[in-house]
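These notes concern the structure reproduced below.
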């Protein structure tokens with residue numbers, strides 16, 4: 001019995017071999033899993049500016065600034081949305097959704113277009129498909145109302161002493177220092193003996209544009225004289241004005257004793273003007289006169305005429321006059337000059 005062969009003489013050995021192979025396989029699988037490479041780093045967004053200050057922009061105009069969006073990570077990022085919180089600001093550029101590869105960037109234009117005067121604030125939000133990866137850019141700006149502004153240099157002129165019936169001329173600079181173009185629709189001279197040249201209704205001035213014209217003093221009688229030149233434009237909040245003054249110096253002659261023979265009264269002359277009706281609805285008409293062709297017109301009627309004719313009875317002997325007519329609507333807007341007509345007054 002002691003020498004009897006144990007059952008399954010090779011069983012334990014075979015089991016151990018199989019177990020050993022199984023352990024080897026299992027340990028091999030564990031090693032394969034742990035040897036995988038490191039995970040790829042996520043993408044990251046960066047922007048070229050965290051805020052934009054547009055300062056002051058004229059209402060109706062637009063100011064632009066450039067914004068660069070960069071993928072500073074190691075994986076692609078997809079931009080999913082671009083939005084602004086205030087409609088006076090906007091962003092334009094590549095459409096979204098759009099993918100940005102690592103180390104690549106996109107350029108956008110951020111704009112401010114104020115619709116009202118005053119300060120404005122907003123925010124630009126840039127969203128992506130990566131959770132927690134987004135950027136916000138603060139926006140500020142100020143809107144300013146657009147206007148035209150007429151500056152006359154010098155604003156006043158004193159011609160000093162000047163002999164009667166002689167003429168002195170001085171230059172004046174007119175400049176639009178506003179933000180929008182302006183058109184001179186009317187020019188008036190209130191005062192005798194003064195006038196202007198080299199400028200007329202219909203003149204347009206762009207922002208910062210300037211022109212030079214002349215004003216003159218031609219005293220008809222001795223004594224101190226003054227006048228106000230007014231420039232009318234619908235683009236101005238109030239008319240532009242300048243003051244003119246001077247002193248006419250005359251010569252006195254000894255009085256002549258009356259004679260017994262009757263004298264002939266001086267001839268009396270007048271100029272009759274007539275014109276066709278304006279095709280537009282107007283409040284009336286204004287008649288201008290000048291002693292220089294094409295320039296220095298002064299109004300003859302303070303109250304608008306509602307008729308199509310006018311008689312000028314204030315003419316002087318031996319003088320040539322030039323006339324134009326304008327039409328004025330109910331808002332005070334004045335048309336450009338009509339065609340010019342000439343009247344020569346006889347010397348006697």
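The values are calculated or read from the model by the stated rules, or taken from the named source; none is laboratory data. These figures come from a predicted structure and were not determined experimentally. A quick note on method: Cβ atoms are made from the backbone with ideal geometry, for glycine too, and the neighbour counts reach across all protein chains shown.
Here are a few things to note about the model shown:
Yes/no per residue for (1) at pLDDT below 95; (2) assigned by TED's automatic domain parsing to the domain that holds residue 207; (3) surrounded by 12 or more Cβ atoms within 10 Å (Cβ to Cβ):
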position	(1), (2), (3)
34	yes, no, no
37	yes, no, no
56	yes, no, yes
66	no, no, yes
73	yes, no, yes
82	no, no, yes
94	no, no, yes
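- When segment 333-348 is filtered for residues that are in a loop (DSSP other than H, G, I, E, B), in contact (Cβ under 8 Å) with a residue 40 or more places away in the chain and either surrounded by fewer than 13 Cβ atoms within 10 Å (Cβ to Cβ) or more than 41 Å from the chain's Cα centre (by Cα) (or both), the ones remaining, listed by number, are 345, 346, 348.
- Scanning segment 44-89 for residues that are farther than 19 Å from residue 140 by Cβ and assigned to a strand (DSSP E or B) gives 45, 46, 68, 69, 70, 71, 77, 78, 79, 80, 81.
- Among the candidates 183, 167, 228, 177, the residue that is within 30 Å of residue 52 (Cβ to Cβ) and in contact (Cβ under 8 Å) with a residue 24 or more places away in the chain is uniquely 177.
- Meets criteria (buried (at least 17 other Cβ atoms within 10 Å of the Cβ), touching a residue at least 60 places away in the same chain (Cβ under 8 Å) and not assigned by TED's automatic domain parsing to the domain that holds residue 206) for residue 126: yes
- Scanning segment 96-123 for residues that are loosely packed, with under 15 Cβ neighbours inside 10 Å and closer than 13 Å to residue 143 by Cβ gives 115, 116, 117, 118, 119, 121.
- Complete set of residues in segment 158-185 that are more than 22 Å from the chain's Cα centre (by Cα), over 20 Å from residue 222 (Cβ atoms) and surrounded by 16 or more Cβ atoms within 10 Å (Cβ to Cβ): 172
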